[in-house]
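The values are calculated or read from the model by the stated rules, or taken from the named source; none is laboratory data. Just so it is clear, the model here is predicted, and its values are computed rather than measured. Here the Cβ positions follow ideal geometry from the backbone for every residue, glycine too, while neighbour counts run over all protein chains shown. Calculation scope for accessible area: heavy atoms of the full protein, side chains included, ligands and nucleic acids excluded. Shrake-Rupley method; radii C 1.70, N 1.55, O 1.52, S 1.80 Å.
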Amino acid sequence: RAIAYSLKRWDALTRCLDDGAVPIDNNWVENQIRPWALGRSNWLFAGSLRSGQRAANIMTLIQSARINGLNPQAYLQDVMERLPTQKASKIEELLPHNWTP
(Lines give C-alpha, C1' and ligand atoms only; values in the text may rest on other atoms or scores of the structure.)
Protein backbone atom coordinates (compact mmCIF):
# COMPACT_ATOMS: atom_id res chain seq x y z
CA ARG A 1 0.00 0.00 0.00
CA ALA A 2 2.84 2.39 0.80
CA ILE A 3 4.50 1.76 -2.56
CA ALA A 4 1.20 2.21 -4.40
CA TYR A 5 0.67 5.50 -2.53
CA SER A 6 4.15 6.70 -3.57
CA LEU A 7 3.72 5.67 -7.19
CA LYS A 8 0.42 7.55 -7.48
CA ARG A 9 2.17 10.70 -6.26
CA TRP A 10 5.47 10.18 -8.03
CA ASP A 11 5.37 13.49 -9.95
CA ALA A 12 4.86 15.49 -6.76
CA LEU A 13 7.49 13.48 -4.88
CA THR A 14 10.15 14.05 -7.54
CA ARG A 15 9.34 17.70 -8.29
CA CYS A 16 12.34 18.84 -6.23
CA LEU A 17 14.63 17.02 -8.69
CA ASP A 18 13.35 19.14 -11.60
CA ASP A 19 13.59 22.49 -9.82
CA GLY A 20 16.35 23.18 -7.31
CA ALA A 21 14.32 25.98 -5.73
CA VAL A 22 11.69 23.51 -4.53
CA PRO A 23 12.62 22.15 -1.07
CA ILE A 24 12.77 18.40 -0.61
CA ASP A 25 10.66 18.61 2.55
CA ASN A 26 8.26 20.99 4.26
CA ASN A 27 10.04 21.19 7.63
CA TRP A 28 10.16 24.99 7.52
CA VAL A 29 6.39 25.22 7.11
CA GLU A 30 5.82 22.57 9.78
CA ASN A 31 7.95 24.55 12.23
CA GLN A 32 6.04 27.75 11.45
CA ILE A 33 2.64 26.21 12.20
CA ARG A 34 3.69 24.10 15.20
CA PRO A 35 2.78 26.72 17.87
CA TRP A 36 -0.71 26.98 16.43
CA ALA A 37 -1.13 23.23 16.13
CA LEU A 38 -0.06 22.72 19.75
CA GLY A 39 -2.61 25.25 20.97
CA ARG A 40 -5.43 23.83 18.87
CA SER A 41 -7.01 21.94 21.77
CA ASN A 42 -6.96 25.13 23.85
CA TRP A 43 -8.91 26.96 21.16
CA LEU A 44 -11.31 24.13 20.40
CA PHE A 45 -14.11 25.82 22.28
CA ALA A 46 -13.83 29.40 21.06
CA GLY A 47 -17.49 30.02 21.88
CA SER A 48 -18.99 29.43 18.44
CA LEU A 49 -18.02 28.47 14.92
CA ARG A 50 -17.89 32.13 13.95
CA SER A 51 -15.59 32.95 16.88
CA GLY A 52 -13.30 30.10 15.90
CA GLN A 53 -13.15 31.37 12.31
CA ARG A 54 -12.29 34.87 13.52
CA ALA A 55 -9.55 33.51 15.78
CA ALA A 56 -8.14 31.49 12.87
CA ASN A 57 -8.11 34.60 10.66
CA ILE A 58 -6.25 36.65 13.27
CA MET A 59 -3.73 33.86 13.88
CA THR A 60 -3.16 33.61 10.13
CA LEU A 61 -2.48 37.35 9.90
CA ILE A 62 -0.07 37.20 12.85
CA GLN A 63 1.90 34.31 11.39
CA SER A 64 1.90 35.86 7.90
CA ALA A 65 3.26 39.08 9.38
CA ARG A 66 6.07 37.14 11.07
CA ILE A 67 6.91 35.26 7.88
CA ASN A 68 7.11 38.59 6.03
CA GLY A 69 9.53 39.98 8.63
CA LEU A 70 7.02 42.34 10.25
CA ASN A 71 6.39 43.09 13.89
CA PRO A 72 2.92 41.52 14.29
CA GLN A 73 1.81 43.97 16.97
CA ALA A 74 2.80 47.05 14.94
CA TYR A 75 1.28 45.52 11.81
CA LEU A 76 -2.08 44.71 13.44
CA GLN A 77 -2.27 48.08 15.19
CA ASP A 78 -1.70 49.94 11.90
CA VAL A 79 -4.16 47.75 10.00
CA MET A 80 -6.86 48.21 12.67
CA GLU A 81 -6.40 51.99 12.48
CA ARG A 82 -6.62 51.99 8.66
CA LEU A 83 -9.51 49.55 8.25
CA PRO A 84 -12.39 52.00 8.87
CA THR A 85 -11.25 54.29 6.04
CA GLN A 86 -9.75 51.69 3.66
CA LYS A 87 -11.66 51.24 0.41
CA ALA A 88 -12.91 47.68 -0.10
CA SER A 89 -11.31 47.62 -3.55
CA LYS A 90 -7.89 48.29 -1.98
CA ILE A 91 -8.13 45.90 0.99
CA GLU A 92 -5.30 43.76 -0.43
CA GLU A 93 -2.89 46.62 0.36
CA LEU A 94 -3.31 45.72 4.04
CA LEU A 95 -2.22 42.10 3.69
CA PRO A 96 1.19 41.38 5.24
CA HIS A 97 3.00 40.77 1.93
CA ASN A 98 1.72 44.13 0.51
CA TRP A 99 1.71 46.26 3.67
CA THR A 100 3.82 49.39 4.01
CA PRO A 101 3.83 51.27 7.32
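Miscellaneous remarks
- In this simple spin-label approximation, Asp25 and Ala37 carry label points 7 Å from Cα along the Cα→Cβ vector, and these lie 1.2 nm apart.
- Carbon plus sulfur fraction of accessible area for the chain, probe 1.4 Å, in percent: 56
- The loop-placed trypsin sites (Lys or Arg not before Pro) in region 1-36, going by DSSP, that have at most 11 neighbouring Cβ atoms within 10 Å of their Cβ come out as Arg1, Arg9.
- For the pair Ala74 and Met59 in one chain, pulling the backbone fully straight at 0.36 nm per residue adds 3.9 nm over the alpha carbon distance.
- Computed with a 1.4 Å probe over protein heavy atoms only, the accessible surface of region 54-101 comes to 72 Å² per residue.
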